[in-house]
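Report on one structure; see the data block that follows.
The values are calculated or read from the model by the stated rules, or taken from the named source; none is laboratory data. Given the structure is predicted, the values throughout are model-derived calculations rather than measurements. Every residue, glycine as well, gets a Cβ built from its backbone with ideal geometry; the counts of neighbours run over all protein chains shown.
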């Protein structure tokens with residue numbers, strides 16, 4: 001695939017960000033998530049194409065579908081850092097919220113005594129008992 005893009009570049013065919021979607025989708029198919037993120041660098045450095053909203057949203061969709069949440073935050077921060085605007089109400093946001101709500105969270109919760117007498121005889125409110 002990269003050879004075809006190199007030929008297109010050599011022949012001075014105009015490349016747009018959509019030409020790179022096949023990389024993202026193919027790497028996702030084979031679960032090569034580290035390679036997917038490198039596509040962003042390849043687009044910019046080797047082919048002088050700026051990844052935009054569509055590239056980032058496709059990439060985020062693929063990462064969420066693959067349950068690679070450790071990469072989602074990185075890519076999202078990078079997207080915002082480069083000034084790419086996130087589209088509100090996209091499937092990516094919905095998937096992230098849905099996936100995060102499904103994660104089991106089992107944090108220990110301290111008991112709270114609302115009327116605990118302090119050392120000076122007066123009551124301290126909202127004092128944690130550990």
### Task
Need at least 3 residues that are modelled with pLDDT under 75 per element, so show me which helices (runs of 4 or more DSSP H) inside the stretch 36-110 make the cut, counting only ones lying wholly within it.
91-102
### Summary
Considering residues that are part of a loop (DSSP other than H, G, I, E, B) and more than 18 Å from residue 82 (Cβ to Cβ), the number found within the stretch 1-35 is 9
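Could you pull out the residue among 43, 22, 36 that is free of Cβ contacts under 8 Å to residues at least 24 places away in the same chain and out of contact with any strand residue (DSSP E or B) (no Cβ under 8 Å at 6 or more places or on another chain)? Outline the logic, then answer.
Working: 43 fails: free of Cβ contacts under 8 Å to residues at least 24 places away in the same chain; 36 fails: free of Cβ contacts under 8 Å to residues at least 24 places away in the same chain.
Residue meeting the stated conditions: 22.
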### Task
Please find, within the stretch 3-15, the residue that is farthest from residue 47 (Cα to Cα) out of those that are within 30 Å of the chain's Cα centre (by Cα) and surrounded by fewer than 10 Cβ atoms within 10 Å (Cβ to Cβ).
3
### Task
Return the residue satisfying two criteria in turn: it lies in the stretch 36-53 and is more than 16 Å from residue 80 (Cα to Cα) and under 16 Å from the mean Cα position of the chain (by Cα), and of such residues it is surrounded by the most Cβ atoms within 10 Å (Cβ to Cβ).
36
